[in-house]
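Read the figures in this text as sums done on the coordinates, not as results from a lab. Note that the structure is a prediction, hence the values are computed from the model and not measured. Glycine also receives a Cβ, built like all others from the backbone with ideal geometry; neighbour counts cover every protein chain displayed.
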Amino acid sequence: MKIKIFLIAFLMLGVLACKKPSQPIDIKNKTPLDSTSKPKDTLGKSSLDTIIIMGRILKMRIIKNTGYYPLTDNMDIDVDSDGVNDFRFNNYIDFSLATGTVGLASFLSLQPNALYFGHFNTKDTTYIHTTKSALTYDTTNKVYYTYYNSTYYCKNEPSNDAINSIAPQVYLYNISDSTKIRMHNEWVSGTSYTFNYNYIEPGSPGGNQVGDTVAYTFYHYNLTCKDFPIGVVRYIAIKVNNKLGWIKLKFTGSYPRCMVNIIETAIQK
């Protein structure tokens, strides 16, 4: 009996020792492979780690102005063709006379086993920078005018800016084809913004008068630090059901009516 237990333990150690370690995916060197391919340092180079590459022409429609706001449009992606959608791109457009047209676009996971390469920032900080104009005198109405401009940023540019808020936020990394996709990357789920708010809102269209001074306040929300570039091919690294892959895409158009073009998706077999 002791000999049998020893042999079983020895065989298990042998299997573990021979197990191939997880290797990164190399986006640049992807190629369809056959059974004669030899194992190499990157996944997708052997018959054991084949990557399914699907060339796609998927375009999210430019949202049409129907006269009713807000306007929304979704595009779902099933990267491994198992009949279950894994990710969603969402466009949102709103309009008001005060702000004009405002856009927001996001990327999100649709099921718990669909993750993307990103970062969960538990202390995402928004800063506020306020400036005040010099007084100007209106001889007709016999009042002074002044203007306050409060800008909300997602990064602290002038070092003396005040902190407006601190809250958790999920960030999606947009990467190039030189980035290696690894199992031990930080994989996250939930909703991340591919285009965030960038608009100006008047706080009081008629101004606030105190004595002989009328003050106008304007709020500028510029939260575009993590936005995807327009007209540039980028990649989203994904992990679905513990298999690595990517979404190749390009955003076209202009804010706030941006359109995502899915060029290619890839996932390990």
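Say each of residue 232 and residue 128 gets a label point 7 Å from the Cα, pointing the same way as Cα to Cβ; how far apart are those two points in nm? Distance between label points: 3.2 nm.
Amide H contacts under 5 Å for residue 87: 77, 79, 110, restricted to partners 5 or more places along the chain or on a different chain, H placed in the peptide plane at 1.01 Å from N. For residue 203, the amide hydrogen comes within under 5 Å of the amide hydrogens of 217, 218, 219, counting only partners 5 or more places away or on other chains and with H modelled in the peptide plane. The order of the peptides 238-249, 118-129 by mean Cβ neighbours within 10 Å, most packed first, is 238-249, 118-129.
At 0.36 nm per residue, minus the direct Cα-Cα distance, what do residue 198 and residue 137 gain on full extension? Give it in nm, one decimal, please. Can you show the working numbers first?
Values: separation 61, 0.36 × 61 = 21.96 nm, distance 3.16 nm.
Taking 0.36 nm per residue and subtracting the Cα distance, the gain is 18.8 nm.
With r as the distance between the Cβ atoms of residue 110 and residue 242 and R0 = 22 Å, compute the FRET efficiency 1/(1 + (r/R0)^6) and round to 0.05. Numbers along the way, then the final one.
Values: r = 17 Å, r/R0 = 0.76.
Approximately 0.85, to the nearest 0.05.
Here the label points at residue 155 and residue 76, each 7 Å from Cα along the C-beta direction, are separated by 3.6 nm in the simple model. Once the Cα-Cα distance is subtracted from the 0.36 nm per residue extended length, the residue 85 to residue 182 segment shows a gain of 32.6 nm.
Which entries of 180/243; 123/226; 123/248; 155/248; 123/243; 123/180 have Cα-Cα distances beyond 20 Å here?
Values: 180/243 14 Å; 123/226 15 Å; 123/248 30 Å; 155/248 28 Å; 123/243 30 Å; 123/180 27 Å.
Pairs exceeding the cut-off: 123/248; 155/248; 123/243; 123/180.
Karplus-derived 3J(HN,Hα) values for segment 132-146, using 6.51 cos²θ - 1.76 cosθ + 1.60 with θ = phi - 60°, are 10, 7, 6, 6, 10, 9, 9, 5, 6, 8, 6, 9, 9, 10, 9 Hz; glycine and proline are entered as x.
Computed 3J(HN,Hα) for segment 230-235, one whole-Hz value per residue from the Karplus formula 6.51 cos²θ - 1.76 cosθ + 1.60 where θ = phi - 60°, is 8, x, 10, 6, 9, 10, glycine and proline marked x.
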